[in-house]
Amino acid sequence: MIIRRSVAADTDFIRKVHLNAFGASEGESVSALAIKLLDDPSAMPLISLVAEENDEIIANVIFTSVTIKGGGPTARAQILSPLAVVPEHQGKGIGGKLIEAGLNILKTQHTDIVLVLGDPQYYSRAGFTANHNIEPPYELDYPEAWMAQELTKGALKRTKGLAQCAAALSSPELW
C-alpha cells in the first residue's frame, strides 16, 4: 500500500471512495463534502491523502483549516473530515495509517491541534480525546464524538473557544 497526497486527477476516485465507504445512507452527502472541501479556499491549508493498492485508490482522508474564536492564545488547528476506506479494505488499519500520515505532516507544519467529529471508540485509538475546551460550530446530539488531539504539548490545555470550519463544513446538517 502507498500513501500519498492526492492530486487533481484523483478527484473522481476520491468521490467514489466516499460513496462506497458510506453507502446509500450517507455516501452522496459525504462524497459531495469531500469534493467541495478540495475546492474550498476557506479550507486552506488543506491536506488530502489517498491510500493506493495495486494502482487503485482505496481510501482518503482530508484535513482542513479551523479557526478557534475565543479567549486565550491562538492555536493553529485543523479538522479531520472526512475519512473513508472502501468496504473491502476496512478493518485492515488503513484509516489509522492515513490518520497517522496526516498527523505527521501537520506536525511538520507546526499545527497545534487536530479536531474530529466521529466515533469515540475509533478515534480514541488514534490519540483523540473529548477532554478539551473547544466548542463545535453547532450543538451536537453526541458531544462525546467531538474530539481533539494536541500536536503541540499543552495546546489543548491553553486553548478555549468556538471552532469555525471551512465554508463546505459549515452546514448544520453535517453536524
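Throughout, read-outs are computed from the coordinates displayed, never taken from laboratory work. The structure presented is a predicted model; accordingly, all values stated were derived computationally and were not measured. FYI the Cβ positions are ideal-geometry reconstructions off the backbone, even for glycines, and counts take in every protein chain you see.
Distance between the C-alpha centres of the range 1-38 and the range 111-175: 22 Å, rounded to the whole angstrom. Counting only DSSP H runs of at least 4 residues, each contributing -39500 (n - 2.57), and dividing by the residue count of the chain, the helix-based mean residue ellipticity at 222 nm comes to -9500 deg cm²/dmol.
Report, in degrees rounded to the nearest 10, the 0 to 90 angle that the Cα long axis of helix 11-38 makes with the longest principal axis of the chain. The two axes meet at around 80 degrees. Pairs of Lys residues in the chain are counted when their Cα atoms are under 19 angstrom apart and they lie 8 or more places apart or on different chains; the count is 6.
Normalising the average separation of contacting C-alpha pairs (under 8 angstrom, six or more residues apart) by the number of residues puts the relative contact order of the chain at 23 percent. Counting only Cβ charges, +1 for Lys and Arg and -1 for Asp and Glu, the dipole size of the chain around its Cα centre is about 840 debye.
Relative to the longest principal axis of the Cα atoms of the chain, the long axis of helix 94-108 lies at roughly 50 degrees.
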